[in-house]
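Colleague: Input: one structure, supplied below.
The values are calculated or read from the model by the stated rules, or taken from the named source; none is laboratory data. Worth saying up front: this structure is predicted, and the values here are computed from it rather than measured. Glycine also receives a Cβ, built like all others from the backbone with ideal geometry; neighbour counts cover every protein chain displayed.
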Amino acid sequence: ESIAASVLNTSGNNAIVDWGVVEWRDKNNNASVVSSRAALLQRDGDVVDLDGSSPVTMASGDDQYYVAVRHRNHLGVMTQNALALSGTATSVNFTSAGQATYGSNARKSVTGAFPAQVLWAGNVVVDDQVKYTGTGNDRDLILQAIGGVVPTNTAAG
């Protein structure tokens with residue numbers, strides 16, 4: 001999948017800042033992905049289709065599905081229950097504490113100027129775990145990316 005370069009010209013809250021994958025999962029087996037698509041993340045937290053503004057659509061027919069969102073270096077999140085999805089846009093707000101999610105502590109709660117539920121960061125090895133020490137930990141790759149063992153270093157990009 002690809003986007004038009006002009007999609008990246010938007011500024012402000014609707015500016016595209018990243019991308020991820022949205023999945024529709026089988027209502028009888030939430031481990032079974034029925035359909036998935038790349039989607040864009042806006043600065044304000046909205047997940048939109050590849051045109052930069054429309055709701056994400058799937059070619060999977062009207063039914064009930066679990067909705068999951070995955071990101072390359074965060075743990076994914078999924079709705080606790082299957083939702084009725086159709087050709088009409090359905091909003092799923094994973095930033096809201098009111099949105100029930102699968103598993104316990106599936107999101108991290110942040111406070112401050114923009115309180116929200118967010119994805120757990122650090123899944124650098126892409127193994128659905130965030131590990132600080134031991135074989136296959138995420139910490140080493142992060143430190144390599146920032147150029148050393150000083151955890152306050154930063155890297156641009």
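Colleague: Out of Gly61, Gly45, Gly20, report the one residue that is touching a residue at least 40 places away in the same chain (Cβ under 8 Å) and in a loop (DSSP other than H, G, I, E, B). Give the derivation first.
Modeller: Numbers: Gly61 fails: touching a residue at least 40 places away in the same chain (Cβ under 8 Å); Gly20 fails: in a loop (DSSP other than H, G, I, E, B).
On inspection, the qualifying residue turns out to be Gly45.
Colleague: If you don't mind, there's one more thing I want to ask. Which members of region 50-101 meet the condition of being surrounded by 13 or more Cβ atoms within 10 Å (Cβ to Cβ), of a type in the set (Ser, Thr, Tyr) and touching a Leu at 6+ places or on another chain (Cβ under 7 Å)?
Modeller: Passing the criteria: only Tyr65.
Colleague: Would you point out which residue out of Ser109, Ser104 is in a loop (DSSP other than H, G, I, E, B) and either under 16 Å from the mean Cα position of the chain (by Cα) or surrounded by fewer than 12 Cβ atoms within 10 Å (Cβ to Cβ) (or both)?
Modeller: Answer to the selection: Ser104.
Colleague: Just to be sure I understand the filter: pairs with C-beta atoms under 8 Å, separated by 6 or more residues or on different chains, first member in region 131-153 and part of a helix (DSSP H, G or I), second member exposed (fewer than 11 other Cβ atoms within 10 Å of the Cβ). Which pairs pass?
Modeller: Within 8 Å, the pairs are Arg139/Tyr132; Arg139/Thr133; Leu143/Val149; Leu143/Pro151; Ala145/Ala155; Ile146/Thr154; Ile146/Ala155.
Colleague: Checking Asp44 against (1) exposed (fewer than 12 other Cβ atoms within 10 Å of the Cβ); (2) at pLDDT below 95; (3) not aromatic (Phe, Trp, Tyr): exactly one of these is not met. Which one?
Modeller: Failing condition for Asp44: (1).
Colleague: Now a separate question. For region 1-49, what are the residues that are touching a Leu at 6+ places or on another chain (Cβ under 9 Å) and polar (S, T, N, Q)?
Modeller: Ser2
Colleague: Name every residue in region 81-101 that is assigned to a strand (DSSP E or B) and among the aliphatic types (A, V, I, L, M), in order of residue number.
Modeller: Answer for region 81-101, where residues must be assigned to a strand (DSSP E or B) and among the aliphatic types (A, V, I, L, M): Leu83, Ala84, Leu85.
Colleague: Looking at region 69-84, I want the residues that are touching a residue at least 12 places away in the same chain (Cβ under 8 Å) and have a partner that is among the basic types (Lys, Arg) with Cβ atoms under 6 Å, at least 6 apart or on another chain. Which pairs are those?
Modeller: Gly76/Arg70; Val77/Arg107; Ala82/Lys27
Colleague: Continuing with this model, one more query. Condition check: small (Gly, Ala, Ser) and modelled with pLDDT of 95 or more. Does Ala89 satisfy that?
Modeller: No; evaluated as a whole, the condition is false for this residue.
Colleague: If you go through region 17-49, how many residues are out of contact with any Lys or Arg (no Cβ under 8 Å at 6 or more places or on another chain) and either among the hydrophobic types (A, V, I, L, M, F, W, C) or more than 30 Å from Ala113 (Cβ to Cβ) (or both)?
Modeller: Residues meeting the conditions: 17.
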